[in-house]
Amino acid sequence: TVNLLSSHAKKKKSLPPGPLAFPVIGNFLWLRKSFSELEPVLRSLRARHGPMVTLHMGPRPAVFVSSHALAHQALVHHGAVFSDRAPPSAIVRVLSSNQHSINTSSYGPNWRLLRRNFTAEILHPSRIRSYSRARAWVLHILVRELRSQPGGVVRVVDHFQYAMFCLLVLMCFGDRLEEKQIKQIEETQRRLMLGMGRFGVFNFWPRLSKLVLRNRWKEFYELYKNQNRVFVPLIKARSKAKREQLSKAKENGNDVDGDWTVSYVDTLLDLELPEEKRKLEENELVSLCSEFLNAGTDTTSTALQWIVANLVKYPEIQERLYDEIKSVVGQGAEQVKEEDLQRMSYLKAIVLEGLRRHPPLHFVVPHTVTEDAELGGYVIPKDGTINFMVAEMGWDPEVWEDPMAFKPERFLSCGGGEAIGFDITGSKEIKMMPFGVGRRICPGYGLAMLHLEYFVANLVWLFKWRTVASEEVDLSEKQEMTIVMKTPLRAQITSRN
Ligand code: HEM
């Protein structure tokens, strides 16, 4: 392809510009910074060097791209070259059972198999529909929790997080779990995730740090084993239930029980790795389930919180949404059903505006190239990483008018009422990329949009959301697993009917 370099071009072209690297010390200082600390640095480097900059972080040069057009060129036009991942770090190797998760897999047959299974089996419209009972149940739990808060003052973050987690647990392990079991799974996941900050140290000089910080490594390994202890019985139970379903179906000469919903684990049980020609092992199933729960919980609940925060801050937007919902479901409807969502374009515009203005991830997961490649006249070397500045693209004044304002109308094509034609996958053109773009685009984006629309619509239909007396909604950001509200949203809610 045109972007592959001839040896002649390789000699002439160089890495994108950036600050000078100081061999050992410089590397080490950058490594200790999180992406959110890098963001302002990258922004000022962009002003000086243009839309592609290189930082020398650790052993690999890291290129950051803030241009929509260059992102499109790399991820859409040359997607086959720009969709690889770096070899996993020590921690990731343990947690993903040597790359047996979609996100950490290198661009190859295993990744393709796992990703295709996810999109074909879980995101198929009929399958998505089969989880609607789970969504209704989770909405019920969330509403019950919100209603039970004294004085109608709610601090939403934990409730939203728990609700999104429940949804994914039910999709992952089947919709017959009880709340007690879900709470146990959540506790296990959270402890492991909260520890990650402290365990990151094992990614640098793993052998040495494991030796020096023996107890910490033991602690990490204990949490990891604990996850296996909780997940494996659930997986085994599903495997047994699936066998029973199949033999029952055989006996009756028909398909499986109409009440039976296929879970993510079920779809993994029969997969065969194309190169190794074997089924997935227990610890690999655990890591895939863990990825499923992690990837979709904090991202979606963070987005939900940002959106509701804006609805509290801008009551006129909330009222307009309420009116739209009323015009679709009719006065007196108990709740908003999923079928109703398609007819709510202002709702969709609000969700898109939330993802543009407050993308839960300000960067994608670092990509690598399968071979030295060219982009924007520079070299992206095979031993480097390349990342894309998601938040910057959504806030670019060249593309978005008044970018820091929350204005859902910008997504309504003709002033309202019409379906929204905005393409979140950016396949023709990238205007924003909260889910990434191209072959590594978040495979859960459709599911995330459904979850956001369903919960935003119902929360606004059931409650009026207001600021708590004398408290302003503070939209400052803070980096956690995702970019969260620095001051978690508190709101005063009253039942609408
Ligand atoms: C608002 C919610 C969400 C946001 C903002 C989001 C965003 C992202 C982003 C930016 C990436 C990285 C893309 C890249 O590397 O180029 C990603 C990857 C991924 N996401 Fe999501 N995501 C969300 C919800 C979900 C959900 C609900 C699931 C599934 C249950 C999910 C599963 C995944 C997986 C498996 C990957 C790895 C894909 C691969 O490497 O091929 N995400 N997501």
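The values are calculated or read from the model by the stated rules, or taken from the named source; none is laboratory data. These figures come from a predicted structure and were not determined experimentally. Positions of Cβ are generated from backbone atoms using ideal geometry, with glycine treated the same way; all protein chains shown enter the neighbour counts. SASA here: full protein model, heavy atoms, side chains in, ligands and nucleic acids out. Shrake-Rupley method; radii C 1.70, N 1.55, O 1.52, S 1.80 Å.
Taking the Cα centre of the chain as origin and charging only Cβ (+1 Lys, Arg; -1 Asp, Glu), how large is the dipole, in debye to the nearest 20?
The calculation lands at about 1420 debye.
Tell me, in nm to one decimal, what length is gained between E282 and V230 on full extension, where the rule is 0.36 nm per residue of separation less the Cα-Cα distance? Intermediate results must be reported in sequence, preceding the final value.
Values: separation 52, 0.36 × 52 = 18.72 nm, distance 1.21 nm.
Once the chain is fully extended between E282 and V230, it gains 17.5 nm.
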**Prompt:** DSSP loop trypsin sites (Lys or Arg not before Pro) in the range 273-333 with at most 14 other Cβ atoms within 10 Å of their Cβ, which ones?
**Reply:** K277
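Kirkwood hydrodynamic radius, computed over distinct alpha-carbon pairs, for the range 207-297: how many Å, to one decimal?
On the way: mean 1/r = 0.0636 Å⁻¹.
Value: 15.7 Å, from the Cα pair sum.
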**Request:** State whether the chain is rounded, prolate or oblate according to the following rule on the C-alpha gyration tensor (a ≥ b ≥ c being the square roots of its eigenvalues): a/c under 1.5 gives rounded; otherwise a/b larger than b/c gives prolate, and the remaining case gives oblate.
**Result:** oblate
**Prompt:** Which value, in Å² and to the nearest 10, is the accessible area of F292 when all protein chains are kept and the probe is 1.4 Å?
**Reply:** 10 Å²
**Message:** Suppose all protein chains stay in the model; what accessible area per residue would a 1.4 Å probe give for the range 127-278, in Å²?
**Reply:** 55 Å²
**Message:** Under the rule of at least 5 residues apart or a separate chain, name every residue whose amide H is placed under 5 Å from the amide H of L375.
**Reply:** I380
**Binned Cα-Cα distances of the range 315-379, short to long, each 5 Å bin given as a whole percent** = 3, 13, 16, 14, 11, 9, 8, 6, 7, 7, 4, 2, 0
**Complete:** Checked against the positive end of the charge dipole of the range 367-482 (+1 on Cβ of Lys and Arg, -1 on Cβ of Asp and Glu, about the Cα centre), the farthest of F422, G446, P381 is G446
**Asked** Using the Karplus equation 6.51 cos²θ - 1.76 cosθ + 1.60 (θ = phi - 60°), what ³J(HN,Hα) coupling, rounded to whole Hz, does each residue of the range 397-412 give in order, writing x for Gly and Pro?
**Response** x, 6, 9, 10, 6, 6, x, 7, 7, 8, 10, x, 4, 4, 8, 7
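Starting from 0.36 nm per residue, how many nanometres of slack lie between R343 and E471 once their C-alpha separation is accounted for? Please list the in-between numbers first.
Details: separation 128, 0.36 × 128 = 46.08 nm, distance 3.43 nm.
Going from the current span to full extension adds 42.6 nm.
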**Message:** Sort 406-412, 223-229 by packing, meaning the average of other beta carbons within 10 Å per residue, with the highest value first.
**Reply:** 406-412, 223-229
**Fill in**
Rounded to the nearest Å, the spacing of the alpha-carbon centers of the range 456-497 and the range 212-285 is 37 Å
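Could you order E324, E353, E281 so the one with the most accessible surface comes first? Probe is 1.4 Å. Display every interim value, and only then the final one.
On the way: E324 30, E353 0, E281 90 Å².
Descending order: E281, E324, E353.
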**Request:** Give the long-range amide H neighbours of T385: residues separated by 5 or more places, or on another chain, with amide H under 5 Å away, using H modelled in the peptide plane at 1.01 Å from N.
**Result:** A62, V63
**Request:** Would you check the accessible area of V262, probe 1.4 Å, heavy atoms only, in square angstrom rounded to 10?
**Result:** 40 Å²
**Fill in**
Once both label points are put 7 Å beyond Cα along the C-beta direction, the I128-K180 separation in nm becomes 3.5 nm
**Asked** Based on DSSP H runs of at least 4 residues, each adding -39500 (n - 2.57), what is the mean residue ellipticity at 222 nm of the chain after dividing by all its residues, to the nearest 500 deg cm²/dmol?
**Response** -16000 deg cm²/dmol
**Asked** Near the amide H of I441, under 5 Å away, which other amide H atoms are found, from residues 5 or more places off or on another chain, if H is placed in the peptide plane?
**Response** none
**Farthest positive-ward along the chain dipole, Cα basis, beta-carbon charges - from L70, M344, L271** = L271
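Provide the packing ranking of 428-437, 187-196, i.e. peptides ordered by the mean count of other C-beta atoms within 10 Å per residue, highest first. Don't skip to the answer; put the middle values down first.
On the way: 428-437: 20.9, 187-196: 15.5.
Taking the mean over residues of other Cβ atoms within 10 Å, the ranking is 428-437, 187-196.
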